[in-house]
Each structure stands twice: as structure tokens, then as C-alpha cells.
1. When only alpha-carbon atoms are used, what values of Rg and Dmax, in angstrom, describe the range 39-89?
2. Rounded, prolate or oblate: which fits the chain, taking a ≥ b ≥ c as square roots of the Cα gyration tensor eigenvalues, rounded meaning a/c under 1.5, else prolate when a/b beats b/c?
3. If the label point is 7 Å along Cα→Cβ of residue 89, which residues in the range 1-25 have backbone nitrogen under 18 Å from it?
4. Just check the range 95-136 against the gyration tensor rule for me: Cα atoms, a ≥ b ≥ c as the square roots of the eigenvalues, rounded for a/c under 1.5, and otherwise prolate or oblate depending on whether a/b exceeds b/c.
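What follows draws every value from the coordinates through simple rules; no lab data is involved. Since the model is a prediction, treat every value here as computed from it, not as a measurement. Cβ sites come from the backbone with ideal geometry, for glycine too, and all protein chains shown count toward neighbours.
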Amino acid sequence: MIQMVGLSHRTAPLALRERMARPPGEIYPLLKADGFPEAVLLSTCNRAELYLGLPEIRSEDLLREAFARLHGIPPAEIADACTVRAGAEAVRHAFEVVSGLDALALGETQVLGQAKEAYCLALEHGAVGPELPALFQQ
């Protein structure tokens, strides 16, 4: 099951998005320790989103708490800005993001390259398993 947790320019002010900036290389070891072995972190100036491949759906609260903890922010500070999606809704959102439909400037293409880089980094960290390749290779 694919799940997504994150925030973007639509849900969070710039100051909060800036606080979410953290090198993905620091995040992947923490994800594995938290029980998320399959993950891709898409982190840009306009969004921080974590796409997860999980054997079963995790609760929205658990995902929000883990996402906040990974970024060193108290969960209460991101609760209202953080979005959680599962299944087809998470996949649809990913395609809206990479196609530029969910960009600050409609149709922006830069995020497609950023998503490719995020996927490659996840591969390098051994954070891709059976769920996420189909999504990110499309």
C-alpha cells in the first residue's frame, strides 16, 4: 500500500517549509529505525513529502508524528499543515506533483527532475522495495 505524508506551499507557510529542509541522506537511516523500510523523500523549496510503501495502512496520526520527528519538529507544529493520503489518492497526488499541476507556478517542470533525483537517492539508501518502483518509474 502506498501512503504519502507531507506539506507544501498549499498547506504550510514558507517559514515552516524552510524548517522542514533537511538532507535526505540524514532521513533514510531514521526511517528504517522507525519501521519504514520503503520510502522516497521529495524535498523541494515548495514541499516536503514522504512516499511510503507499506504492507498495511498506517494511521494518519502515526504518519504525521513520524514525519515531524524525522524533521526535528514537534508534531503539534505541523499537524494542521500536514496532509496524509493513501492508495489511489496518494498515487494521483504524486502524478499531480510531478506533472506540475500542484506546483506554485502551474505547469512547472522542475519538480519532475527533483522527483527522479529523490527516487535515485532512495535507491542508493536501499529504501525502495516492492511498492514504490512502479510509482516512480511511471
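1. 10.9, 30
2. Numbers: a/c = 1.32, a/b = 1.03, b/c = 1.29.
The shape class here is rounded.
3. 1-8, 10-12
4. Numbers: a/c = 4.11, a/b = 2.13, b/c = 1.93.
It is prolate, given that a/c is not under 1.5 and a/b is the larger ratio.
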